[in-house]
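Working notes for the structure below.
Only the coordinates and a few stated rules stand behind these numbers; no lab work does. Worth saying up front: this structure is predicted, and the values here are computed from it rather than measured. With ideal geometry, Cβ positions are generated from the backbone for all residues, glycine too; neighbour counts draw on all protein chains shown.
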Amino acid sequence: MQIKDKKLILKKSLYYLFGFLPLIITLFIYPHIPKHVPSHYTAVGEIANWNSREQILIIPFLLAIFTYFKPKIFVENFKSKSEEKVSFYSTMLFILSIDLLSILELFTSFTGEDFLDKFNFYNLLSCIICFIFIFLGYTFSNCTRNSTFSIKIPMHLMDNDVWKKMHSNLGAYFVSSSIVFLPIGAICENHYIVFILMLEILFIIVVPIFVIYFYIRKHLKHKNF
């Protein structure tokens with residue numbers, strides 16, 4: 001029992017540490033941040049516009065709010081230990097991805113054009129999207145209805161077998177499509193990376209939404225007959 005309690009405390013500590021770390025770092029170095037920081041980028045990753053440094057606080061504050069109001073992963077009753085691990089690691093991956101974006105924003109605020117000469121923001125964003133959906137796909141393939149990361153569909157609209165099949169197919173789709181886009185997004189340059197990023201959003205995010213919608217409609221139509 002004590003070992004289980006220690007593991008739970010460790011999980012909570014890591015969760016809140018990485019959830020609040022960007023805000024702590026940003027507030028600590030905020031007086032040293034230049035008054036104007038990059039706010040928009042061109043298709044080739046160059047700075048297109050500058051804005052007030054207050055915008056640096058937006059992502060850390062939003063992440064802190066998410067972290068504070070999302071302790072559900074630690075009180076939820078999971079049916080298996082593997083399910084609990086999948087939910088925890090998926091949540092941590094999301095938080096770490098936002099941490100990385102926040103740290104990157106801090107770097108660009110200090111180094112500006114010098115940093116972007118050697119790095120394209122869109123390449124990182126493309127890779128982060130792929131990593132998030134690889135783990136989300138793995139989560140969907142192993143989740144149950146009480147998972148933190150799952151599609152919440154009422155029982156009267158879809159039974160367990162159909163729900164599980166839909167999540168399994170979506171999980172496989174997320175993983176396979178993300179693996180395909182990951183190396184492409186990492187090596188593309190100039191305007192090609194923006195095109196790849198748009199394809200990612202279309203095929204990994206938008207297409208599954210329509211698939212889920214028609215999947216549910218088809219199931220309900222078949223159920224009514």
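Overview of results
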| read-out | value |
| --- | --- |
| Theoretical gain in end-to-end length, PHE20 to PHE210 [0.36 nm per residue, Cα-Cα removed] | 64.9 nm |
| Extended-chain gain in nm, criterion 0.36 nm per residue less alpha-carbon gap, PHE66 and ILE103 | 11.6 nm |
| Restraint check, LYS7/LYS164; LYS11/LYS164; LYS12/LYS164; LYS165/LYS218; LYS7/LYS152, Cα-Cα greater than 19 Å | LYS7/LYS164; LYS11/LYS164; LYS12/LYS164; LYS7/LYS152 |
| Cα-projected label distance for ALA172 with MET198, points at 7 Å along beta-carbon direction, nm | 3.1 nm |
| Residues whose placed amide H lies under 5 Å from that of TRP50, excluding near-sequence neighbours | SER39 |
| Spin-label pair ILE187/ARG53, simplified geometry with 7 Å Cα→Cβ offset, distance in nm | 4.0 nm |
| Rounded FRET efficiency, nearest 0.05, which uses the C-beta distance separating LYS12 from LEU96 and R0 of 22 Å | 0.85 |
